[in-house]
Amino acid sequence: MTRPITIDAYFKLPEVVPLIDVRTPAEFEQGHVPGAFNIPLFTNEERVLVGTKYKQVGREEAILLGFDLTGSKWSGFIKRALEISPQKKVAVHCWRGGMRSGAMAWALSLYGFDVCVIEGGYKRYRNWVLQRFESPWRLTVLGGMTGSGKTVVLKELKGLNEQVIDLEDLAQHQGSSYGTMNNLIQPTQEQFENNFAGELNTCDAEKRIWVEDESVTIGKRVIPKSFWEQMRAAILICLNVPLEKRIGKLVGEYGVLDKDFLIECTTRIKKRLGPEQTRDAVQAITDGRMSEFIRLLLVYYDKNYRKGLDSRSDGQVFFLDLENTEGPENADKIKTFAEGILAADKI
C-alpha cells in the first residue's frame, strides 16, 4: 500500500518510520534529511544519462532507459529496504516526489511494504527547513570571551533539561581560525541547515532555547539570516572568567594539537594579529610555550569580542562573574541569573 504524506505530517508520525532517499549518492551527500537511508535508484552517471534522454528525446524514452538501467537492481533495492525496515514500513522520497520515488514505492508496495511517499520530495523538505529559521524562537544567547567555557556550560544546561542548540557541534567547527581542531570536517552548508532545522524541530517554541554567541559564519558555514537576526535581538549573558583560568582551559584544548597546524592557522590571521604578534606566537608554538602562545592570541580575540559587544543595544547584555570555566554549579548560576533577568523584564 502506498499513500502520500507531507513532510510535516511525516515528522509528526507517532512511530518512527525509516525514510528512504532514492536520489543519487551525489545528491544525498550534498544534503539529506537527517537519519535518512540512501537507496539510489540511479548512480550519478546513470541519472545524467536519463536526464539527457529526457531533454533530447522525450519522457517516455527516458522512462524506458530508466527501467533498462534498473532492471537487475530491484531485488537488491527490496533486500536493502528489508534490512532497514524488517517490519515493512517505510517512507520514500526523491527530488520532487516524482518518478523515482513513485517507482520505488510501487516496487516496495508490490512486495508488501506499507509505503508513505513524501509529497514534493526533497525540494519540499528544503522549504520546510528554511521555514524553521523564519519561525520565532525564544532565544537566550550565552557569550563570553574565548576560553570562558561556553560549550561546556551549554552541555550542563542541557543536563538541567534546558533546550540547547549547539551551533558549533552542528557546524563541526570551534569558530576560530583554529576551529577545525585539525580533525573536524564540516558538513555542506545544505546539510548544516538540515541538521540545524532538525534540532529546532525537537524544541518547544514556547520555551527558552540557549545558543552560543557566534559570528554569522562558523568556519565556512553560515547561520541562516533570519535565525541570526533573532540571535542578535536576544538577550546576551556574557560570562566573565579570569584570564588565567581561560588560558589554562585553552592550553588544555589547543596546546596538544599538532604544532604545524597551529603555525599554519596563526599565519593565516597574520593581518589581524599583526606581524610582530604573529612572529612571537609562532615562536612560542615552536618552543612549546603554549601558555604564552594562548596569551598572545587572546590579546586579539578579546579585543575583537569587546568590539562585538559594543555593537549590541543598550540593556541587551548582562554580565555574570564566574570563578572557573566549568563545573555543574556554573550552569545552575547561569540558569538562575537568566530567570532573574526575564522576571525583571516582566515587571
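Every read-out reported here was derived from the displayed coordinates using simple, explicitly stated rules and does not represent laboratory data. Bear in mind that the values here come from a model prediction, so they are computed numbers and not experimental data. Methodologically, a virtual Cβ is constructed for each residue, glycine included, from the backbone with ideal geometry; neighbour enumeration extends over all protein chains shown.
Some values worked out for this structure:
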{"item": "Of V241, G219, Q191, farthest towards positive along the dipole that unit charges on Lys, Arg, Asp, Glu beta carbons give the range 136-346", "result": "G219"}
{"item": "As computed over the chain, the Cα convex hull volume per residue (Å³)", "result": "176"}
{"item": "Tail fraction, Cα-Cα pairs, the range 8-153, threshold 26 Å, whole percent", "result": "36"}
{"item": "Simple Cβ-charge dipole of the range 74-137, Lys/Arg +1 and Asp/Glu -1, about Cα centre, in debye nearest 20", "result": "140"}
{"item": "Entries in K303/K333; K150/K271; K53/K79; K158/K207 that, when Cα-Cα distance is taken, lie over 18 Å", "result": "K303/K333; K150/K271; K53/K79"}
{"item": "Placed amide H near E119: partners under 5 Å, 5+ positions off or other chain", "result": "I5, T6, I7"}
{"item": "Cα centre as origin, Lys/Arg/Asp/Glu Cβ charges: the range 2-129 dipole, Debye", "result": "180"}
{"item": "Rounded to 5, the percent of DSSP beta bridges in the chain classed as antiparallel", "result": "5"}
{"item": "Placed amide H near G143: partners under 5 Å, 5+ positions off or other chain", "result": "D213, I237, C238, L239"}
{"item": "Table column - 3J(HN,Hα) (Hz), the range 42-51, Karplus curve with 6.51, -1.76, 1.60, x for Gly and Pro", "result": "10, 6, 4, 6, 5, 4, 5, 4, 5, x"}
{"item": "Charge dipole (debye, nearest 20) of the chain; +1 at Cβ of Lys and Arg, -1 at Cβ of Asp and Glu", "result": "860"}
{"item": "Cα gyration tensor category, rounded, prolate or oblate, for the range 145-226 with a/c compared to 1.5", "result": "oblate"}
{"item": "Backbone HN-Hα couplings from phi across the range 247-253 [Karplus 6.51/-1.76/1.60, Hz, Gly and Pro as x]", "result": "4, x, 5, 5, 4, x, 8"}
{"item": "Cα centroid of the range 207-236 to Cα centroid of the range 24-67, whole Å", "result": "36"}
{"item": "For C116, C238, C94, order by how many other beta-carbon atoms lie within 10 Å, fewest first", "result": "C238, C116, C94"}
{"item": "Packing-based exposure ordering (other Cβ within 10 Å, fewest first) of S109, S75", "result": "S75, S109"}
{"item": "DSSP bridge pairs, the range 80-234: antiparallel proportion in percent, nearest 5", "result": "15"}
{"item": "Candidate lysines for bridging to K12, where Cα separation is under 17 Å - those fewer than 8 sequence places away on the same chain excluded", "result": "K89"}
{"item": "Sorted by Cβ neighbour density within 10 Å, fewest at the top, the residues E119, E206, E323", "result": "E206, E323, E119"}
{"item": "The chain, helix-only ellipticity at 222 nm - DSSP H runs n ≥ 4, -39,500 (n - 2.57), divided by all residues, nearest 500", "result": "-16500 deg cm²/dmol"}
{"item": "In Hz, Karplus ³J(HN,Hα) per residue of the range 73-89 (6.51, -1.76, 1.60; θ = phi - 60°; x = Gly, Pro)", "result": "9, 4, 5, x, 4, 5, 4, 5, 4, 5, 5, 6, 9, x, 7, 6, 10"}
{"item": "Hits among aspartates and glutamates - C-alpha to C-alpha of K73 under 14 Å, sequence gap 8 or more where chains match", "result": "E46"}
